[in-house]
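Structure record follows, encoded as structure tokens.
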Amino acid sequence: MSVVPGSVRAEVVTRAGNRCEYCRLPARGQVATFPIDHVNPRTAGGSDDPSNLALACPSCNGHKWAFTDGADPASGEPVRLFNPRSDIWEEHPGWSSVSPGQLVATTAIGRGTIERLRMNDSDLIVLRRLLAEDGLFPEIT
């Protein structure tokens, strides 16, 4: 996890709507501070510029680490990860209509990102459902 100036962090948090830009988990109601993620990791030449930063929950940040790609579980082929600075979230993952709190993907990028970041860990699904019951995660019904 890198340290960014408070003003840059505030800009990233505001732009993200105070929620993880990968799984959409709201930061409100969480014990841990959400780290700032380098979409393109510094180890791969990524900068500290806000255009390369995203708010990430501790789970997504820890599983993404310095990865920029994952495997599409449908094809086994490598695929780049979802980029919150250039991709539209609703075009890649979405919410299951059968299992509230579970993410489903409509694209290889979505599938690879859900898999790499372990976004459907059973504990995360339970957390999303609990937050939805308290009105903190309104898109999950």
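The values are calculated or read from the model by the stated rules, or taken from the named source; none is laboratory data. Worth saying up front: this structure is predicted, and the values here are computed from it rather than measured. Glycine gets a Cβ as well: all are built from the backbone with ideal geometry, and neighbour counts include every protein chain shown.
Identify the residue in the stretch 95-110 that is among the β-branched types (Val, Ile, Thr) and either farther than 18 Å from Leu124 by Cβ or surrounded by 19 or more Cβ atoms within 10 Å (Cβ to Cβ) (or both) and, among all such residues, is nearest to the chain's Cα centre (by Cα). Talk me through it step by step, then tell me what you get.
Initially, the stretch 95-110 is screened for residues among the β-branched types (Val, Ile, Thr), giving 98, 104, 106-107, 109.
Remaining after also requiring either farther than 18 Å from Leu124 by Cβ or surrounded by 19 or more Cβ atoms within 10 Å (Cβ to Cβ) (or both): 106-107, 109.
Details: Thr106: 16, Thr107: 16, Ile109: 13 Å.
By that ranking, first place goes to Ile109.
So which of Thr113, Thr68 ends up being surrounded by fewer than 19 Cβ atoms within 10 Å (Cβ to Cβ), at pLDDT 95 or above, hydroxyl-bearing (Ser, Thr, Tyr) and under 22 Å from Pro50 (Cβ atoms)? If you could, list the steps in order and put the result at the bottom.
On the way: Thr113 fails: surrounded by fewer than 19 Cβ atoms within 10 Å (Cβ to Cβ).
Within the list Thr113, Thr68, the selection yields Thr68.
For the stretch 13-38: of the residues being touching an Asp or Glu at 6+ places or on another chain (Cβ under 9 Å) and surrounded by fewer than 20 Cβ atoms within 10 Å (Cβ to Cβ), which is modelled with the lowest pLDDT?
Step by step, filter the stretch 13-38, then rank; the result is Gly29.
Can you tell me which residue is farthest from Ala44 (Cα to Cα) among those in the stretch 67-119 that are among the aromatic types (Phe, Trp, Tyr) and part of a loop (DSSP other than H, G, I, E, B)?
Looking at residues that are among the aromatic types (Phe, Trp, Tyr) and part of a loop (DSSP other than H, G, I, E, B), I get Phe82.
Would you please name the residue that is farthest from Ala56 (Cα to Cα), looking only at residues in the stretch 120-141 that are of a type in the set (A, V, I, L, M) and not in a helix (DSSP H, G or I)?
Initially, the stretch 120-141 is screened for residues of a type in the set (A, V, I, L, M), giving 124-127, 130-132, 136, 140.
With the extra rule that they be not in a helix (DSSP H, G or I), the set shrinks to 136, 140.
Values: Leu136: 17, Ile140: 19 Å.
Filtering first and then ranking leaves Ile140.
Considering each of Cys23, Cys60 in turn, give the residue that is within 16 Å of Trp89 (Cα to Cα), in contact (Cβ under 8 Å) with a residue 24 or more places away in the chain and part of a loop (DSSP other than H, G, I, E, B).
Cys23
Say whether the condition of being at positive phi and touching a residue at least 12 places away in the same chain (Cβ under 8 Å) is met by at least one residue in the stretch 96-108.
yes
If you go through the stretch 38-54 one residue at a time, do you hit one that is part of a loop (DSSP other than H, G, I, E, B), touching a Cys at 6+ places or on another chain (Cβ under 6 Å) and of a type in the set (A, V, I, L, M)? Let's see the steps before the verdict.
Taking the stretch 38-54 first, the residues part of a loop (DSSP other than H, G, I, E, B) are 39-41, 45-49.
Pick out the ones that are also touching a Cys at 6+ places or on another chain (Cβ under 6 Å) and you get none.
No, because not a single residue in the stretch 38-54 is part of a loop (DSSP other than H, G, I, E, B), touching a Cys at 6+ places or on another chain (Cβ under 6 Å) and of a type in the set (A, V, I, L, M).
For (1) under 24 Å from Arg9 (Cβ atoms); (2) among the β-branched types (Val, Ile, Thr); (3) free of Cβ contacts under 8 Å to residues at least 24 places away in the same chain, each residue gets a yes or a no:
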residue	(1), (2), (3)
Val31	yes, yes, yes
Gly46	yes, no, yes
Glu115	no, no, no
Leu127	yes, no, no
